[in-house]
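Here the structure comes first, spelled out in structure tokens, and everything after it is commentary.
The values are calculated or read from the model by the stated rules, or taken from the named source; none is laboratory data. Please read all numbers here as calculations on a predicted model, not as lab measurements. Here the Cβ positions follow ideal geometry from the backbone for every residue, glycine too, while neighbour counts run over all protein chains shown. The accessibility values were calculated without ligands, DNA or RNA, using every heavy atom of the protein model including side chains. Shrake-Rupley method; radii C 1.70, N 1.55, O 1.52, S 1.80 Å.
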Amino acid sequence: EMGPAFNAGQFVRLTEFDLDQLEAAVEADALPKGAGFFWGESTPDDKADDLEFIREARKRIKAGKAVFYTSWW
């Protein structure tokens, strides 16, 4: 378990609505491209990875689990 010092303890719970919005943005290639020291660089593989995350997140929410977003930095 991550303590409050990890990312100042900030977690964002994702809902089905959030996943719908994220999926639409991913499918439309509307997410901003990342580049830089902390991000690395966006690649075409990111879209497939993002869609896989969304599928997994939906399965877990349907199973009664909570899905959270957080950032390590």
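Computed quantities for the displayed model
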{"quantity": "Residue list for the stretch 42-69, filter: of a type in the set (Val, Ile, Thr) and in a strand (DSSP E or B)", "calculated": "Val67"}
{"quantity": "Selection within the stretch 53-73 - under 13 Å from the mean Cα position of the chain (by Cα), open to solvent by 90 Å² or more (accessible area, probe 1.4 Å) and over 19 Å from Glu23 (Cβ atoms)", "calculated": "Trp72"}
{"quantity": "Any pair with Cβ under 9 angstrom, 6 or more apart, that starts in the stretch 22-41 at a residue that is in a strand (DSSP E or B) and ends at one that is open to solvent by less than 100 Å² (accessible area, probe 1.4 Å)", "calculated": "Ala35/Ser42; Gly40/Gly34; Glu41/Gly34; Glu41/Ala35"}
{"quantity": "First in the stretch 55-73 and under 11 Å from Val12 (Cβ atoms), second anywhere and part of a loop (DSSP other than H, G, I, E, B) and at pLDDT 95 or above, Cβ under 9 Å, 6 or more apart", "calculated": "Val67/Thr15"}
